[in-house]
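We did not get these values from a lab; they are worked out from the coordinates using the rules stated. A quick note: this is a predicted structure, and the numbers were derived from the prediction, not measured. Counting neighbours? That spans all protein chains shown, and the Cβs are built from the backbone with ideal geometry, glycine included.
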Ligand code: PMP
């Protein structure tokens, strides 16, 4: 994106990165940030600048969390080997994790990432159902393995998507002012059409795989209950519901510990990752026992690092922190506070579209000056202007026209005030029309 205005150190780092990591992994922002340490919801660069991190759901219990660090250090001093021995740590965590799920979701297999979790869940659903077809939303992102990327339309179609994939558009109905029962009826029709397409093509339906906050589709928490309808329909079609909780899990949505619980959906498999270890790589698939038994009857599952004791101790420390610090409640109260702040600062501005949120997962549509259409360029300009004020957020949605605010759960009202002060400044500079 050009190097004008960048310090010589930053330019040198960008060059080193290109020479070693190549160009596959894009950096955030026109002026990339050289992060050297963190604390709570704050990141600090090499010059000591304090950035407010409004975009990080991995460090859910805060950057450099002391409780997680101590648990990891303690376990590293004991042992960290793979899961083919009897170990307490994996069982202690498994019991604690499963207690957070509704009855029936009573088995767990550990992975190292959200992508691995979705890959395993899709394979389990295929074996259990005997079908191949998969249904996702129109701009879904579910990860990077060969299978999972082939059912992630947000990658585009330069590499063909899976032939056994059907997609359903949900953004239009979940962002409009349609009454909830009508939304549910429209979505039922669309999913029936997707199931029919897969049946007619001979694939059948193995799974509907749904991010429970629809993050890459633009952050779509609305019309609670429609996912429950889809689960029931998937079951009637011989398939399963995989709830992808990589984004929405671990208290993020403020209403319940898991996003699918907001919809009262009968999920068969639940995939988790990102915030689970607060940065220590770990993920899991939680599922109904019969699904795991069917899979075990045909194949085996061994994952060298999955469920390793260090990751399990980190994950346990994350649960300790969420519970002892009341972060489910904080997700709700601070999430509401941020949204109320946006609404009152920008009231009457045509560029402000809909504000959608569940807990600390917030999407804010930015529209053209006359309010008539989405404004991806204007959205990006706001993201970059906030970065220039040391505030880190990003954009979401198929066209990138929604601001996405998704801070660590330890984000406080004082942090929110700093974000809102910057928004007020941008408003006065004309960024919101
Ligand atoms: N599912 C969803 C909904 C995600 O947002 C992501 C990551 N952005 C993944 C799965 C993949 O997780 P990971 O990057 O840990 O493999």
Name the most mobile residue of 124, 178, 233, meaning the one with the largest mean-square fluctuation, in a Gaussian network model of the chain with Cα contacts below 10 Å. 178
What Rg and what Dmax come out for segment 66-324 when only alpha-carbon atoms are used, in angstroms? 18.2, 57
Normalised per residue, the volume inside the convex hull of the alpha-carbon atoms of segment 298-354 in Å³ amounts to 188
Could you line up 128, 287 from fewest to most neighbouring Cβ atoms inside 10 Å? 128, 287
How much mean residue ellipticity at 222 nm does the chain get from its helices, if each DSSP H run of length 4 or more adds -39500 (n - 2.57) and you divide by all residues, to the nearest 500 deg cm²/dmol? -12500 deg cm²/dmol
At q = 0.15, 0.17, 0.19, 0.23 Å⁻¹, what is the log10 ratio I(q)/I(0) for segment 279-394, with the Debye formula run over Cα points and no solvent? -0.89, -0.96, -1.06, -1.29
Of all DSSP beta bridges having both residues in the chain, the percent classed as antiparallel (nearest 5) is 65
What is the percent of Cα-Cα separations in segment 18-102 that go past 23 Å? 50
Taking 8 Å as the Cα distance limit and 6 or more residues as the minimum spacing, I'd like the relative contact order of segment 66-324 as a percentage. 30
Determine the shape class of the chain: with a ≥ b ≥ c the square roots of the Cα gyration tensor eigenvalues, call it rounded for a/c under 1.5, and otherwise prolate if a/b is greater than b/c, oblate otherwise. oblate
Order of 364, 33 under a 10 Å beta carbon neighbour criterion, fewest first: 33, 364
